[in-house]
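Please treat every number below as a calculation from the coordinates, not as lab data. Every value quoted in this text rests on a predicted model; they were computed, and no experiment measured them. Positions of Cβ are backbone-derived with ideal geometry, glycine not excepted, and every protein chain shown enters the neighbour counts.
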Amino acid sequence: MSIPVRPGSARPAAGPTAPDPLAPLLDLPGVRDAADAARAGIDRLLGHRVLRQESAGVSTESALRGARASAALEGADIPLAQLRAGDVGDPVVQGALRVSAGLGSMVETWSRAPGQVLARLHVLAAADLADAAGLGRPAQHAGPRLSGLFSLVTAGTTAPAVLVAALVHGELAALAPFGTADGIVARAAGRLTGITRGLDPKAVSVPEVGFAELGRDAYAQALAGYASATEAGVAGWLVHCCRATEHGALEGLAICESLLRG
């Protein structure tokens, strides 16, 4: 099976009855049930009473925990208390924090100009890791495949948002278009996709924590399966992302409960 985001593959065809190219993903082994479970987990979170008045506070805490977990997946595991105290000098962690803080300003642009947003994400993530001249500039080899990714982001589909987010995340992580901080960028782009496509419009879940809880080795293995472009590999990645989303919803619920207790 080919990775389902080759250049042009996500563009809707002209005919009104053209098949949705992403619809078959639901028929891959385990994917439909995993997507349904992820959606149910997010719905439970979105129904929490704290979000009626404190969604901004939950979202802010979610961003902090997400940044910590995303950096941890890159090998920079800093205690949350240390982040709260501002005692962080690691450039990977600093980049993850900048990315999380900047996501809110990118929501409106992501579905219209994903290339612009990706460049900005890389500038934020890799400011202390790469030469200034290379910030926000994908490598030449990434161009054709990025075109397909941009089509995926801007096109409509009947596929669940959690699967579209997984594809965006997987494509960027596997392609590594910038050569530095690509994992941070990929996870941020996946989160943006979930926000803009209505999976978690309030940005109160923490999918990065879900990936971290499932483990770095499991993350790497699932991503390698996706990059293999086999049916089993793509299915495994999608299921992995759905499970991480479920865990991320539980983390969001824990944030809500902590605010409820004061």
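Quick one: what do you get for the stretch 151-241 if you divide its Cα Rg by 2.2 N^0.38 Å?
1.02
What's the exposure ranking of LEU22, LEU152, going from fewest to most Cβ atoms within 10 Å?
Least crowded to most crowded, the residues run LEU22, LEU152.
Ranked highest first by average number of other Cβ atoms within 10 Å, how do 171-182, 241-252, 69-80 line up?
Order by mean packing, descending: 241-252, 171-182, 69-80.
What ranking, highest mean first, results for peptides 230-239, 86-95 when packing means the other Cβ atoms within 10 Å averaged over each residue?
Per-residue mean Cβ counts within 10 Å order the peptides as 230-239, 86-95.
Whole Å is fine, so just give me how far the alpha carbon centre of the stretch 127-167 lies from that of the stretch 224-262.
Going from one Cα centre to the other spans 20 Å.
Please report, to two decimal places, log10 I(q)/I(0) for the stretch 25-261 at q = 0.09, 0.11, 0.12, 0.15 Å⁻¹ as given by the Debye formula with identical point scatterers on the Cα atoms and no solvent.
-0.33, -0.50, -0.61, -0.98
Taking the radius of gyration and the Kirkwood hydrodynamic radius from Cα positions alone, what is the Rg/Rh ratio for the stretch 77-199, to two decimal places?
Using Cα coordinates only, the ratio equals 0.98.
In whole Å, how far is the Cα centre of the stretch 169-208 from that of the stretch 34-94?
Result: 13 Å between the Cα centres.
Tell me, ARG39, ARG65 in order of fewest to most beta-carbon neighbours within 10 Å?
ARG39, ARG65
Go through SER205, THR158, ALA72 and say which Cα lies farthest out towards the positive end of the charge dipole of the chain; charges sit on Cβ, +1 for Lys and Arg, -1 for Asp and Glu.
Of SER205, THR158, ALA72, it is THR158.
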